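Report on the following structure.
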Amino acid sequence: MSEPLLKLEGVHTHIGAYHILHGVDLEVMPGEMTVLLGRNGAGKTTTLRTIMGLWKATAGTITFRGEAIQALDTPDIAHRGLAYVPENMGIFADLTVCENMLLAARNARHIDQMDAKRLDWLFGLFPALKTFWQHPAGLLSGGQKQMLAVARAIIEPRPLLLIDEPSKGLAPSIIQNLISAFRELKQTETTILLVEQNFNFARQLGDRVAVMDDGRVVHAGSMADLVGDEGLQQKLLGLSLASHS
Amino acid sequence: MKIPDSPAQIMETLPSVKTDRLPLFLLPALALVALPLIGSFSTWVTLTFAGLAMGMIIFIIASGLTLVFGLMDVMNFGHGVFITLGAFIAVSVLGRMAGFTESPSLVRNLIAVVPAMLAAMVAAGALGLVFERIIIRPVYGQPLKQIMITMGGMIVAVELIKVIWGAQAIPLPLPEAFKGSLLFGETAIEKYRLIAVVVGLVIFAMLFWILSRTKVGLLIRAGVHDREMVESLGYRIGRLFIGVFVAGSALAGLGGVMWGLYQQSVTPEMGGAINVLLFIVIIIGGMGSIGGCFLGALMVGLVNNYAGFLAPKVALISNILLMVIVLLWRPQGIYPAGKA
Amino acid sequence: MILQRLFSGDMPRSKVLTVLLLGILLALLLTPFIFPGAKALNVAAKILIFIVLVASFDLLLGYTGIVSFAHTMFFGIGAYGVAIALTHLGPTWTAVAVGAACALVISLLLSLVIGLFSLRVKALFFAMITLAVASAFQTLASQLSDLTGGEDGLSFKVPALLMDGFQKMIWDADLQQFLPHPRMIFGVEVNGKFVAFYLLAAATLVLFLVMLRLVNSPFGRVLQAIRENAFRAEALGYRVVVYRTLSTMLSAAFATLAGILLALWLRYNGPDTSLSFEIMIDILLMVVIGGMGTLYGSVIGASLFILVQNYLQDLMKAASQGVSQVPFLKDLIHPDRWLLWLGILFVLSVYRFPAGVVGKLRMRARRTT
């Protein structure tokens, strides 16, 4: 078995006076999609933000490709090759779709310097981007914004994507589009750590799963095992597939 | 679950592009309302031009302040000191080049004025760098301390200016070729006001170009909107902020030179006095918005000059009135800078 | 214990501080006897007035966590209220009462409007708005010269008791037989200024104790809770805007009272004595150097600052002459540059000891016990 790409060991995070993460242990294997499940307030978003350095871990280590990154600033972490799609998608509403993409392309100073081949591939994944290329991103629909957010994260090849609840608030048909896009993305050996509440969405994509509760990872294993064991689902997520789909 | 046949299904039609044009009519409306009140057309043109010139200078000074606020929620109550420093640097430079400023040749005048402006910008920018490092850096995210410490920084810096140049007002005469007026029929337009308007427009155009056409400009606009996301994309917003702060200070220094020439004298207190106007402009424009700042500055300039003519006693009150009216209309200012 | 009740249970809590405060109190009260001359008396009176003014600013800044630059506006309203009333109605106590009442009403209304209008938003916004309003008010005061005397200000007569009428009252009441030297106490002439000074001292003491009571009341505790965490206070059911507005109004009222005292003491008022932005900066420095949120800090801050303002210059003059050969240094310690050094002290205070002199002393006291 290969080394994990990202490894969290005993990570604690405080936000102000509140102790949110109580020792998170998590491994993300290269080339796989790991899904972080758990109820609201379990600490999933905080985990992603802590990895990204937006909140500093107060204890524990975060290792990316063998390097401890928990003390680095967010821009440095981004330069190590982590891309982050926050829950609110972080779209710059006043900027056009094109400008949003240009900002994410760190190596391009100008639109012409963006990798045309990769852009074409992205347009194939998310055709809406091409249509609205010169429109202010604030005018896009929720689903289109989510696609822009994901496309922005992968405008240049990044070894690890952190994506926070992409399915939130989207219509089922849009979610299905997103699923096919993620499937194609998985073909490119991109490693993804996905936070999801929607188990139905998660089980179609995830290779591995980690379930959080109360600021800790309470279960980690393969997605197949979890999908196959309704008792475990009941116990961990308080739901069963039967009642959900 | 239904799988869409084609990507076309996700392409709902976009709402038509709605840009907020209404505020753009404010300036002409303001000017038109003033015309019958003033009565004489040539007086109106003179006042309008004076107002635009004043507004342009205020815009040059305030632009950095509003961007700095938009980017980092930092409001520098000591911004006025960069104005003062710029003006005093101009006094020193132009004083040494009297041979050039007193010559009637525009070229010779410019040979003196342009270096004076550049020196003022460099000095104000350098002071800005020091200010950011030792005054503002330690109090990020603490508005109360920020207000006090920037105020304190200004007190100290103004006192230091007094140590160097003395506490008295110093005359700053206009170069020969800048003096006098151009006559268009009945209407007289002071040459210097024309110059101020042109310089202001050039600066606005440059800022506009940088903000809309360069990557740094995109980063600034994105940073005003969502600081964390810019960092997550791998850019150091701190460095961007310092850059904007220093550039804003340098522009304030340039504005100081222009304001000093406009008043034809400089005093150590001049910056503090303009601070009030700056705040009004920024509040009117929407804190953090460069376009709003431009409109707000021109409106304040116009209202000041119209009111100064129509009812001199209430000239400063007129700014407050303008601010209250704008805030009643749009509580966040003309163009609220979108915060995520 | 009576003292505990008098000070609302909020004692200085540091031996050094207690000694310092007692020293200031004694020095102020005995000024007419131990420091002869008009200058000393005027300095002492100014300290007394500024203790009230700075303490009222501390209600806002230290206890509520709001920066307002309109505080001198209320100070000025008080001073102008009395000045205008005395100028137009003659030197009677009725005029003082009318002027004071009008000033208080105007201050309360104005602070209510400002508070409701701008306290919902960020601290920065409030500071900017108050700065703009105060500067407009200052312009207005110097422009409306028919009412305010413009830049020249107003000189006026105060009620007889505070002028030379005191002696006359004693003669009229046939009291002179009970006093061995009715004109003199311990060699100091009992004139209107003398009476005015002790009335001022009494008023200062009362107002200070009232403010001390206020900040230690349940209301004061809510203010401090809001300062520490506005969200939590709101969650606990306190209407933050209401409390902040009330605090703004109270602080404005006390500043107005300080302005009334100022006008009565000086028998003069103009834009530079009560309204100017320099005074605003001065009280900001005083409250921060003395110690925000301690109220006692206003006593220390005002005393220190005004002494420096009036006497450091003499010291600096001597020092400056001593180094008159050193060009830059000479200018740095030029007597007119006293504000430079206080400004540096202020900046250092904000960074290093935000609780000011009082906080520092209390911390030391806590460490030693």
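In summary, helices (runs of 4 or more DSSP H) completely within segment C:281-369 and bearing 1 or more residues that are of a type in the set (K, R), at pLDDT below 80 and crowded, with 16+ Cβ neighbours inside 10 Å occur at C:327-332.
Considering only residues of segment C:124-160 that are at positive phi and crowded, with 18+ Cβ neighbours inside 10 Å, which is nearest to the other protein chains (Cβ to nearest Cβ)? Break it down into steps so the answer makes sense when it comes.
We begin by selecting, within segment C:124-160, every residue at positive phi; these are C:149-150, C:153.
If we keep only those that are crowded, with 18+ Cβ neighbours inside 10 Å as well, we get C:149, C:153.
On the way: C:G149: 15, C:G153: 17 Å.
Among those residues, the one meeting the criterion is C:G149.
Here is the figure for segment C:246-273: residues that are among the hydroxyl-bearing types (S, T, Y), in a helix (DSSP H, G or I) and either surrounded by fewer than 22 Cβ atoms within 10 Å (Cβ to Cβ) or in contact with a Pro (Cβ under 7 Å, 6 or more places away or on another chain) (or both) total 1. For segment B:1-43, filtered to residues that are farther than 30 Å from A:P172 by Cα and within 14 Å of another protein chain (Cβ to nearest Cβ), the residue that is modelled with the lowest pLDDT is B:T19. Here A:R49 meets the list (1) free of Cβ contacts under 8 Å to residues at least 40 places away in the same chain; (2) surrounded by fewer than 21 Cβ atoms within 10 Å (Cβ to Cβ) almost entirely, failing just condition (2).
B:I58 meets the conditions (1) surrounded by 17 or more Cβ atoms within 10 Å (Cβ to Cβ); (2) at positive phi in every case but one. The failed one is (2). Take B:V74 and decide whether it is surrounded by fewer than 24 Cβ atoms within 10 Å (Cβ to Cβ) and assigned to a loop (DSSP other than H, G, I, E, B). Yes.
Selection over segment B:234-261 of residues that are over 15 Å from the mean Cα position of the chain (by Cα) and surrounded by fewer than 24 Cβ atoms within 10 Å (Cβ to Cβ) gives a count of 10.
So which of B:V216, B:V266, B:V199, B:V244 ends up being hydrophobic (A, V, I, L, M, F, W, C) and at pLDDT 95 or above?
B:V266 is the lone residue from the list that is hydrophobic (A, V, I, L, M, F, W, C) and at pLDDT 95 or above.
Selection of segment B:130-152 for residues being exposed (fewer than 15 other Cβ atoms within 10 Å of the Cβ) and either more than 11 Å from every other protein chain (Cβ to nearest Cβ) or not β-branched (V, I, T) (or both) yields B:V130, B:R133, B:R137, B:P138, B:Y140, B:G141, B:Q142. Set side by side, the residues B:G260, B:G301 differ, and just one is in contact with a strand residue (DSSP E or B) (Cβ under 7 Å, 6 or more places away or on another chain), more than 9 Å from every other protein chain (Cβ to nearest Cβ) and of a type in the set (G, A, S), which is B:G260.
Would you confirm, using the coordinates I've provided, whether B:L182 is over 30 Å from B:L240 (Cβ atoms), surrounded by 19 or more Cβ atoms within 10 Å (Cβ to Cβ) and touching a strand residue (DSSP E or B) at 6+ places or on another chain (Cβ under 6 Å)?
It is false that B:L182 is over 30 Å from B:L240 (Cβ atoms), surrounded by 19 or more Cβ atoms within 10 Å (Cβ to Cβ) and touching a strand residue (DSSP E or B) at 6+ places or on another chain (Cβ under 6 Å).
What number of residues within segment B:263-288 satisfy the criterion of being assigned to a helix (DSSP H, G or I) and away from chain C (no Cβ under 14 Å)? Number satisfying all stated conditions: 1. The one condition from (1) more than 9 Å from chain B (Cβ to nearest Cβ); (2) out of contact with any Ser or Thr (no Cβ under 8 Å at 6 or more places or on another chain); (3) modelled with pLDDT of 90 or more that A:Q113 does not meet is (3). The criterion of at least 2 residues that are among the polar types (S, T, N, Q) is met, among helices (runs of 4 or more DSSP H) falling completely within segment B:90-198, by B:143-165. The selection criterion, being of a type in the set (A, V, I, L, M), farther than 17 Å from B:E228 by Cα and either surrounded by 17 or more Cβ atoms within 10 Å (Cβ to Cβ) or free of Cβ contacts under 8 Å to residues at least 12 places away in the same chain (or both), does not hold for A:A104.
Please go through segment C:1-33 and pick out each residue that is assigned to a helix (DSSP H, G or I) and basic (K, R). Residues satisfying the conditions are C:R5, C:K15. Residue pairs whose Cβ atoms lie under 6 Å apart, separated by 6 or more positions or on different chains, with the first residue in segment B:66-95 and at positive phi and the second among the aromatic types (F, W, Y), do not occur.
Within segment B:193-223, can you find the residues that are β-branched (V, I, T), free of Cβ contacts under 8 Å to residues at least 60 places away in the same chain and within 14 Å of chain A (Cβ to nearest Cβ)?
Listed by number, the residues that qualify are B:I210, B:T214, B:V216.
The values are calculated or read from the model by the stated rules, or taken from the named source; none is laboratory data. Computed from a predicted structure; not experimentally measured. Positions of Cβ are generated from backbone atoms using ideal geometry, with glycine treated the same way; all protein chains shown enter the neighbour counts.
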